[in-house]
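Asker: Dumping the structure here so I can ask a few things about it.
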Amino acid sequence: MHAIRYRHPRPMILCRSLLLLTVLAASLARPVGAAEPSVPVTVSFFGAGGEDAVLLHQAGRCALLVDAGPRGSGIRIGEALERRGVEGLDQLVISHPHLDHFGGVLTLPTSLEIAMVHDNGGDNGGEPGFADYRRWRRHFPYQPLAAGAKWRCGEIEVSVLAADSTTSRPEKINDGSIVLAVTVGSVRLLLPGDIEAGGRRALARRPGALRADIVKIPHHAKDAGGLGPWLDAVRPALAVISTGKDTVVDPAALELVRASSGEVWRTDLQGDLEIRIDARGWHHVGQ
């Protein structure tokens with residue numbers, strides 16, 4: 001059996017990332033007349049075997065993967081990266097230590113270069129596969145994220161609205177998720193991991209920070225706890241429910257999502273979703 005070898009990240013990827021993991025109190029609001037991206041940014045929501053994986057890609061400038069789906073899904077993600085000409089990732093962010101979010105890294109191509117791995121720094125030793133994930137993580141530069149961290153990758157601006165490494169009790173793991181606000185020109189995306197009622201209510205007290213054009217619905221729309229006020233603060237034009245065919249979407253949650261969103265996309269019913277952000281704003285690829 002051949003030993004697995006992991007390639008070290010190229011200096012060009014490390015330089016291009018321009019990581020600025022500095023705690024800031026500044027508002028996430030974009031200045032009026034913010035410049036649109038000079039190179040389009042694509043956002044791909046992968047079904048990834050049934051759960052979460054989101055790729056933000058600006059060709060030649062940035063490739064950022066948020067979550068990697070369950071164990072085994074890294075193969076399909078690797079194929080998707082290859083089709084897009086992505087040879088390496090500037091950052092890979094694991095929102096929280098549950099197998100359906102970190103498991104896919106274990107089957108990513110071993111040739112994939114990863115300049116930096118992020119998670120919330122939390123432990124979940126009782127979770128199947130978590131020890132394997134920690135061993136995998138040692139092969140790459142690693143930096144846990146905390147609320148307030150901000151960085152720029154290409155023309156993609158990323159801010160951490162929430163992250164809690166202390167929620168080690170199984171029933172609290174989801175609410176420790178890294179919540180990312182991503183801004184590209186005048187378009188804002190919200191990627192909230194699996195935050196549940198407590199995390200949603202806490203963030204809903206900061207409506208200005210939550211406002212987004214595109215949102216991934218937290219916890220695969222499995223529960224409606226605190227979702228109504230949270231969505232009132234977000235007011236999305238597009239809501240994406242990333243879930244598998246074997247996952248039951250809560251009818252009450254789905255009703256709230258439909259009532260509060262201009263459009264709803266479900267990966268379990270409609271498959272992967274890819275959107276493009278350019279001078280026109282955001283639109284589905286192919287439109």
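The values are calculated or read from the model by the stated rules, or taken from the named source; none is laboratory data. Here the structure is a predicted model, which means the values were calculated and not measured. We place every Cβ from the backbone using ideal geometry, glycine too, and count neighbours over all the protein chains shown. Surface areas here come from the heavy atoms of the whole protein model, side chains and all, with no ligands, DNA or RNA. Shrake-Rupley method; radii C 1.70, N 1.55, O 1.52, S 1.80 Å.
Asker: At 222 nm, what helix-only mean residue ellipticity would the chain give, in deg cm²/dmol to the nearest 500, using -39500 (n - 2.57) for each DSSP H run of four or more?
Answerer: Taken over the chain, the calculation gives -5500 deg cm²/dmol.
Asker: Moving on. I need the per residue convex hull volume for the chain, using only the alpha carbons, in cubic angstrom as a whole number.
Answerer: Each residue corresponds to 126 Å³ of Cα convex hull volume.
Asker: Leaving ligands, DNA and RNA out of it, work out the accessible area of R201 with a 1.4 Å probe and give it in Å² to the nearest 10.
Answerer: The accessible area comes out at roughly 130 Å².
Asker: Related question: Given a 1.4 Å probe, how much area per residue of region 41-284 is accessible, in Å²?
Answerer: 35
Asker: If you don't mind, another one. Of all the accessible heavy-atom surface of region 41-284, with the other protein chains kept in place and a 1.4 Å probe, what percent is carbon and sulfur?
Answerer: On region 41-284, the fraction of accessible area on carbon and sulfur atoms equals 49 percent.
Asker: Grab the Cα-Cα distance for R152 and A59, subtract it from 0.36 nm times how many residues apart they are, and report the gain in nm with one decimal.
Answerer: My answer for the length gained is 32.0 nm.
Asker: Compute the separation of the alpha-carbon centres of region 156-172 and region 181-260 and state it in Å as a whole number.
Answerer: Distance between centres, Cα-based: 15 Å.
Asker: In addition: Antiparallel versus total DSSP beta bridges in region 41-284: what percent is that, nearest 5?
Answerer: Approximately 65 percent, going by the DSSP bridge assignments.
Asker: Here is a further query. Would you tally the net charge around D164, using a Cβ to Cβ cut-off of less than 13 Å, leaving D164 out, and scoring K and R as +1, D and E as -1?
Answerer: -3
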